[in-house]
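The values are calculated or read from the model by the stated rules, or taken from the named source; none is laboratory data. Note that the coordinates shown come from a computational prediction; the quantities given were computed from them, not determined experimentally. Positions of Cβ are generated from backbone atoms using ideal geometry, with glycine treated the same way; all protein chains shown enter the neighbour counts.
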Amino acid sequence: MKRGWINFNVMDNLRGFNISPRILIITLIISLTLTFLSQFTSAALMFTDSFENGDLSSDQNGYGWGPANNSGSGTEQGTPGPSVSANRAYSGTYGLEMPFGPSQWTSKTFHFGEYLTELWMEYWLYVPLNYVHGDASPSNNKFFLIYRDIYSGGQTMNFEIYNSSGGSYMIGQMSHNGSGSIALIRDGVGGTTGSVIVVDPFIKNSSGMIVPGNWAQIRVHIKSASSANGQDGISQIWINGDIIFNKTDLNYWFAQGYSGPAIPQPEFHNGYILGATNADFVESTIFYLDDMKMYNSDPGWGAVASNAADLNTDDKVDFSDILIIIRRILGLNSNSAADMNNDGAVNIFDLVNASRLFGKQYGEDSVAPRITSSKPTNNTNLSAGTTQIILFVETNERATCRYLNTTGGNFSTNMSNFTRTGRISHSIQLTGLTDGTTYNYYIQCQDEALNLNSTNYVVSFGVNSNAGVLFSSDWGTTTGLTDNALLDGGTWNHVSGSGTLNEVIVATGLDFPTTNVFRVVASYSGNPVQEIYTDQVRAGPAVSGSGPLLVPDVGESLYYRWYWRTLIDDSIPNQSTSHPIQDGLAAGDTNWWFDPNPRTDGTFVPRINVNSNAQNQGGFRFWDSSTALDKNVTYRVELQIHRIGTSTMNVHIRIYNSSDVLLLDDNDFHGQDGSSGVTLASNPTLNFHIVDNLADFQVGTNGPGWVVGEANFPFLMWDIGAVCVRSDTWCGPYSGGI
């Protein structure tokens with residue numbers, strides 16, 4: 001007998017075999033651990049794919065990807081379809097790219113290695129920033145669907161999304177056992193009576209469960225009814241950990257498609273993500289998918305946040321928690337270097353090589369964690385009156401992060417833990433913020449292998465003070481066409497122009513942060529060239545020299561902010577320049593003006609113009625964005641006019657979406673046609689035309705002289721809201737009435 005081995009005879013008729021004491025110990029530990037965990041939720045992870053193999057070939061336990069659906073083919077084949085891409089990923093290098101656009105839709109099918117009556121699925125979905133749900137009728141587009149074997153003519157459990165002011169609301173649908181047809185899921189018992197369950201807003205800028213321009217974690221739980229007349233079927237969806245659709249008393253089974261049996265069955269076998277669009281996207285709109293997981297038993301999404309067995313605090317109890325228990329019992333640390341069978345995952349199957357756990361590390365982790373994102377956005381200012389904010393950072397691996405609000409921090413001695421940390425997301429609520437103060441937070445993170453950042457990560461932000469506010473208007477006084485409405489009850493001091501259709505309207509559905517907005521409407525002026533000339537409201541007197549605005553001294557600035565939405569329909573001909581926002585009393589008196597430069601393709605190009613007498617050395621009169629923005633989408637525009645000499649200035653611009661994500665800055669605005677390569681980031685010297693006219697500011701439009709047929713009038717031009725002018729710093733997002 002070999003030294004160190006124990007001989008067993010298992011029944012007289014079985015051959016003797018040898019077992020290492022180490023293996024025996026591990027076996028006993030596993031048995032005890034499983035007994036301990038039997039009182040808690042654990043899940044069988046049947047399939048996972050983060051696309052890091054660069055293709056769609058993953059197949060685990062019979063679970064995997066099916067063929068790609070694509071419009072125009074009538075089958076599950078087509079081009080272009082979904083493809084693995086390095087253009088965007090939630091984790092790692094690769095994600096699944098899913099393109100949509102005019103007359104183009106894409107889905108990704110998947111299949112299970114067994115016929116299921118219950119499924120849990122988890123994935124991350126990136127909804128692009130330019131997401132606008134089409135307004136065709138009907139407007140329903142596919143979001144998620146489960147079916148048996150044959151989709152066409154079959155019965156399904158699915159979720160669809162419908163147009164909601166350019167965003168989307170969501171409803172659920174099911175194969176109702178009694179009728180054998182697809183029915184909307186309602187709030188009555190069984191799901192066939194009562195009111196339709198609607199999740200609104202589902203996808204929408206700033207206010208949606210899913211906000212375009214961001215990754216969202218999608219979790220779906222589907223369960224067939226336990227019998228043909230049962231009322232215990234389940235349809236649930238979680239978004240970023242919050243359950244937003246929760247129906248647990250449904251009566252549904254699945255029937256086969258055209259060539260299969262018509263009798264409903266409880267089992268299902270296939271499904272797909274996204275899919276056919278009745279309301280096409282008007283431009284290329286690319287979604288991304290990453291980190292797909294499929295379970296055939298409960299991962300405990302709704303119940304394990306406080307579960308004692310959730311040792312790695314990942315909101316589920318699974319084999320990774322078992323491994324942590326085993327490694328702790330063995331006196332080892334709990335870093336991620338336990339992938340002993342080199343399969344790219346750490347789970348209970350690594351215990352087949354468990355002898356390596358004794359006194360040996362495998363695949364040492366020596367790389368410090370990296371902070372990948374943070375909020376508030378670095379070097380930004382919060383609105384005056386802000387007293388608290390969430391400090392948030394995200395790391396590329398599980399880590400513990402600490403912070404200090406001064407330099408000289410030491411991770412071990414004087415830095416404070418985030419309230420939520422130990423995962424990849426770390427956050428704490430900061431309170432007691434005061435106006436006019438700048439805050440600097442220095443952050444370090446240490447991973448489970450005790451690797452520590454060598455350099456502090458800094459998040460800097462300020463809180464504005466209202467002391468520097470010279471002027472603000474949110475048109476909150478009243479709505480309507482009257483001068484009282486247009487002037488915001490006297491906030492503005494002059495109305496001019498020949499237009500009669502401008503009005504203040506309620507901002508519902510427009511993604512403005514204010515209750516009302518100023519809507520500018522093109523009116524027919526009746527002159528020979530049929531030019532547009534509409535009302536202007538002016539912050540500054542009809543006669544220059546006094547008013548709320550100041551002419552900055554050399555070295556000082558004026559900071560402007562307004563929220564903007566271009567409304568001009570693509571059918572309007574000869575779309576060209578305008579003067580919707582400017583200083584000065586008339587077009588010839590300006591130093592600068594903002595021009596949306598609309599196109600007939602659903603976009604506009606933001607432009608900053610200077611007077612013909614206010615050009616830099618290169619002779620540039622305007623500075624165009626290199627990126628067009630969408631019409632019928634709300635943006636926040638911030639502008640700085642910085643006086644650098646008695647007759648010279650610099651101009652700086654920032655444009656954000658309605659979720660306060662920076663889209664464009666000085667680097668994106670090129671002189672004249674862009675061929676020069678000169679941008680506003682190079683601080684070109686621009687000449688003032690009439691310096692005193694900086695004391696005037698007006699919005700509306702100032703007679704661009706478009707040659708537009710009379711039959712086109714009237715037509716909508718733009719919505720403007722939440723105007724602010726300061727002398728000390730950027731206005732930042734609208735808050736507290738400013």
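Identify all residues within the range 188-207 that are out of contact with any Lys or Arg (no Cβ under 8 Å at 6 or more places or on another chain) and either more than 30 Å from S91 (Cβ to Cβ) or at pLDDT 80 or above (or both); write none if there are none. Talk me through it step by step, then tell me what you get.
Let us first name the residues in the range 188-207 that are out of contact with any Lys or Arg (no Cβ under 8 Å at 6 or more places or on another chain), namely 188-190, 198-207.
The answer is G188, V189, G190, V198, V199, D200, P201, F202, I203, K204, N205.
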Quiz item: Which of the residues spanning the range 655-672 are touching a helix residue (DSSP H, G or I) at 6+ places or on another chain (Cβ under 8 Å) and surrounded by fewer than 20 Cβ atoms within 10 Å (Cβ to Cβ)?
Solution: D665, D666, N667
Quiz prompt | Flag if F461 is buried (at least 19 other Cβ atoms within 10 Å of the Cβ) and in contact with a His (Cβ under 8 Å, 6 or more places away or on another chain) | solution = no
Exercise. Could you tell me whether S473 is among the hydroxyl-bearing types (S, T, Y) and in the same structural domain as P552 (by TED's automatic domain parsing)?
Key: yes
Self-check item: Members of the range 264-294 that are part of a strand (DSSP E or B), over 18 Å from N158 (Cα atoms) and more than 19 Å from the chain's Cα centre (by Cα)
Solution: K293
Exercise. Just name the residue that is modelled with the highest pLDDT out of those in the range 516-548 that are of a type in the set (A, V, I, L, M, F, W, C) and over 37 Å from the mean Cα position of the chain (by Cα).
Key: I532
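Name the single residue, out of those in the range 490-515 being assigned to a strand (DSSP E or B) and farther than 18 Å from G737 by Cα, that is modelled with the lowest pLDDT.
Kept after step one, since they are assigned to a strand (DSSP E or B), are these residues of the range 490-515: 494-496, 503-506.
Next, only the ones that are farther than 18 Å from G737 by Cα stay: 494-496, 503.
Values: H494: 83, V495: 84, S496: 79, E503: 93.
Among those residues, the one meeting the criterion is S496.
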Quiz prompt | Total residues in the range 208-220, condition in contact with an Asp or Glu (Cβ under 8 Å, 6 or more places away or on another chain), more than 20 Å from S91 (Cα to Cα) and not hydrophobic (A, V, I, L, M, F, W, C) | solution = 0
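Being at pLDDT 80 or above and either under 17 Å from S735 (Cβ atoms) or in contact with a Cys (Cβ under 9 Å, 6 or more places away or on another chain) (or both) is the requirement here; does N456 meet it?
Details: at pLDDT 80 or above: yes; either under 17 Å from S735 (Cβ atoms) or in contact with a Cys (Cβ under 9 Å, 6 or more places away or on another chain) (or both): no.
No; evaluated as a whole, the condition is false for this residue.
Looking at the range 210-218, is at least one residue more than 21 Å from S107 (Cα to Cα) and crowded, with 19+ Cβ neighbours inside 10 Å? Give the derivation first.
Narrowing the range 210-218 to residues more than 21 Å from S107 (Cα to Cα): none.
Within the range 210-218, not a single residue is more than 21 Å from S107 (Cα to Cα) and crowded, with 19+ Cβ neighbours inside 10 Å.
Do you know which of the residues in the range 716-738 that are of a type in the set (G, A, S) and crowded, with 24+ Cβ neighbours inside 10 Å is nearest to the chain's Cα centre (by Cα)? Break it down into steps so the answer makes sense when it comes.
Of all residues in the range 716-738, those of a type in the set (G, A, S) come to 721-722, 727, 732, 735-737.
Next, only the ones that are crowded, with 24+ Cβ neighbours inside 10 Å stay: 721-722, 732.
Values: G721: 23, A722: 23, G732: 20 Å.
Across the range 716-738, the extreme among qualifying residues is G732.
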Quiz item: Within the range 108-120, can one find any residue that is among the aliphatic types (A, V, I, L, M) and either touching an Asp or Glu at 6+ places or on another chain (Cβ under 6 Å) or under 21 Å from P212 (Cβ atoms) (or both)?
Solution: no
